[in-house]
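For reference, the structure discussed in these notes is given below.
What follows is calculated from the coordinates using simple rules that are stated; it is not laboratory data. Bear in mind that the values here come from a model prediction, so they are computed numbers and not experimental data. Counting neighbours? That spans all protein chains shown, and the Cβs are built from the backbone with ideal geometry, glycine included.
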Amino acid sequence: MTSVPRPMPRTTTLAELCPAAGGFTIIGDSSVLISGLELDSREVKSGDLFAALPGHITHGSTFVDSAMAAGAGGVLTDDEGAKSLVANGPANFPIVIVQSPRQAIGALAAQVYQGSPDDLLSAPLRLFGVTGTNGKTTVTYLVEAGLRAAGRTTGLIGTVGVRIGDESLSAIRTTPEAPHLHALLGVMRERGVQDVAIEVSSHALMEGRVNGLRFSIAAFTNLSQDHLDYHGTMEAYFRAKANLFTPSRAGIGVIGVDTPWGARLAAEANIPVVTWSSQGAVADWNLTTVGGRTLVNGPGGEVQELQSRLPGAFNRANNLCAYVMLRSAGITPDQAAAGLASVSVPGRMQVVGKFAGITGVVDYAHTSDAIAGAIASVRENCRGAVIVVLGAGGDRDRQKRREMGESAALLADHVIVTDDNPRSENPSLIRAAVMEGVRSVTASSRGHLAAVTEIAGRRAAIFHAVSLSRSGDYVLVLGKGHEQGQEVAGVIIPFDDRDELVAALQEQAGVVS
């Protein structure tokens, strides 16, 4: 567990704090002083309000004793948790009862870590939120770089990590839980950060992690099948994303309209919307390619060339999205373009090395659309074969596994199906689901059929992929990107695709490290 930094402590009584939650009941002493909030009993500090939330397996009230022993000043919970806590008589600590503590905790955390609404207005952070199935990490990196190029002091919160000015911290999750997110923003305010780029996942929107925030600009990249284990249907997944584009959450929406989902969102959003398209759809901002140059065409006849270190059509779309966000925030064309041109993103179409003419690339792609985009990107520069290593994560959306296999088989020359964070599932059954998609692709689909190999063990699969390669080929390892561990049966084993691919390439080339 990575401890999240907190701003300098400020205290408020429960009586002063709780109105931010809306409807509430306090059992016990409402004058107790609160200086923090925490959902994990192992991370509780003295003076914290411990949020005992209903969980998928265990209710958080189970952990109240350890939270109180660590110095918690009180407990925030729901009716079920409160009943459990007073079942054996009155508790010797205050209990705050709200109907939905998970939804309420964002507003409470905002007040504890960032001050009253008046305090927030006196030293505002300009927040840039990015949501969508693919591209969130890359777009936030691009936006932050453009803001820095304009002389702004910036922060970044997302899948790969957290940045506060020039300090980098480990990632917590794509969008941290509300207390952690507000604590980070409180620290950023203390350190003079002006603008923050934040990845906003659909889970975060559903679970209230960004409650208490209002984004100056919110962007939508795209939507394709993912997380249906959580949302159930694509409609529910879309509705979760669309919740960001409401007046209470965002001021301006920057929406890609190259897919029906994006076009629908642009039409339905009830905030001012700016649209963009990298594929020729009718939009406020468009991309054109002239003589190998990528040009943005915008309102008022604006034309700006964009250069990028990130390959492929989908990264051109990511650059356009970020550029439109920056221009919507008042950043000049030259500043925005300069920032975008400087960006590389860990584990996102990352070229890890070229040995004996073989190029190794690692990417986080783990949906069918992202896999297709990654393979198409390397095709732009590849004069040989594209050899792809991929698997699917366990305990996640099972419906997408077949489609992932289909995308790889349709576009690659050789597909090696292996393991990718099997978690609690049997790895062979996950591979079988991906292989079903691979084998469903017939030679008539594109004129030839990709060669296919199934290999248990990710390291063995990567080394085998490189052993098949020759000068001019690309080895593309997909799924884990920046991750530095492999989760198997509840144990995280150190593993980094980038290190493994470099080692395999060096071995193939006879390089002694």
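Some values worked out for this structure:
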{"read-out": "Whole-Å distance, taken between Cα centres, linking the stretch 491-513 and the stretch 213-288", "value": "38 Å"}
{"read-out": "Distance between the stretch 303-372 and the stretch 35-104 - C-alpha centres, whole angstrom", "value": "43 Å"}
{"read-out": "Amide H within-cut-off set for G73, under 5 Å, with H built and near neighbours excluded", "value": "G47, D48, L49, F50"}
{"read-out": "Net charge contributed by nearby residues that have their C-beta within less than 12 Å of S377 (K/R +1, D/E -1)", "value": "+1"}
{"read-out": "Value at 222 nm in deg cm²/dmol, rounded to 500, when DSSP H runs of n ≥ 4 in the chain each add -39,500 (n - 2.57)", "value": "-10000 deg cm²/dmol"}
{"read-out": "Relative contact order (%) - criterion: Cα under 8 Å, at least six apart; region: the stretch 124-341", "value": "23 percent"}
{"read-out": "Relative packing of peptides 152-161, 423-432 - highest average C-beta neighbours within 10 Å first", "value": "152-161, 423-432"}
{"read-out": "Within the stretch 350-509, percent of DSSP bridges classed antiparallel, to nearest 5", "value": "35 percent"}
{"read-out": "Listed residue pairs exceeding 22 Å between alpha carbons, taken from K354/K480; K45/K241; K136/K400", "value": "K45/K241"}
{"read-out": "Simple label model, 7 Å out from Cα along Cβ direction - S467 to R309, nm", "value": "3.4 nm"}
{"read-out": "For the chain, diffusion coefficient by Stokes-Einstein and Kirkwood Rh (Cα), 20 °C, 1.002 mPa s, µm²/s", "value": "88 µm²/s"}
{"read-out": "Relative contact order of the stretch 328-471, pairs being alpha-carbon contacts under 8 Å that are 6 or more residues apart, as %", "value": "22 percent"}
{"read-out": "For P54, net neighbour charge (Lys/Arg +1, Asp/Glu -1) across residues whose Cβ lies under 14 Å away", "value": "-2"}
{"read-out": "Estimated inter-spin distance, A338 and I26, nm [label 7 Å along Cα→Cβ]", "value": "5.2 nm"}
{"read-out": "Counting DSSP beta bridges with both ends in the chain, the antiparallel % (nearest 5)", "value": "35 percent"}
{"read-out": "Charge sum, other residues only, whose C-beta stays under 9 Å from Q194's C-beta, Lys/Arg counted +1 and Asp/Glu -1", "value": "+1"}
